[in-house]
Amino acid sequence: MTTTRTLLTAVPSPDQESVTAWMQAGNCRRYETEVFFPSDGAGVDRARAICSRCPIVDQCLDYALENRIEHGVWGGCSERERRRILRRRNLAPAV
Ligand code: SF4
């Protein structure tokens, strides 16, 4: 079984590979992918703790939000937290 987080998504095209190259620096590469798809709150907390020490946490969260990734913990946020962020952004007035 692979621990490579990038394999969770569809196989990227050559153009997409450069877009997702930053994922190679993620802490999640050292863990089983299941860790980032928890089934309970304790699991979410564990994934968040790993993300909190990740050097690319902000980039990861931005990627998940921009691509509307619905499942798993990305950038230290659960699905529910990402939905909340997106709702807040949609409600925010344009600058
Ligand atoms: S923030 Fe979390 S999910 Fe994103 S790359 Fe880092 S460890 Fe992986």
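The values are calculated or read from the model by the stated rules, or taken from the named source; none is laboratory data. Because the structure is a prediction, the values reported are computed rather than measured. Cβ sites come from the backbone with ideal geometry, for glycine too, and all protein chains shown count toward neighbours.
Quick notes on this one:
- Applying the condition of being within 12 Å of the ligand (Cβ to nearest atom) and assigned to a helix (DSSP H, G or I) to segment 28-46 and asking which residue is nearest to VAL73 (Cα to Cα) yields PHE36.
- Leading residue by the ranking (farthest from the ligand (Cβ to nearest atom)) among those in segment 50-72 that are hydrophobic (A, V, I, L, M, F, W, C) and within 22 Å of ASN90 (Cβ to Cβ): LEU65
- Among (1) at pLDDT below 95; (2) not in a loop (DSSP other than H, G, I, E, B) - the single one PRO93 does not satisfy: (2)
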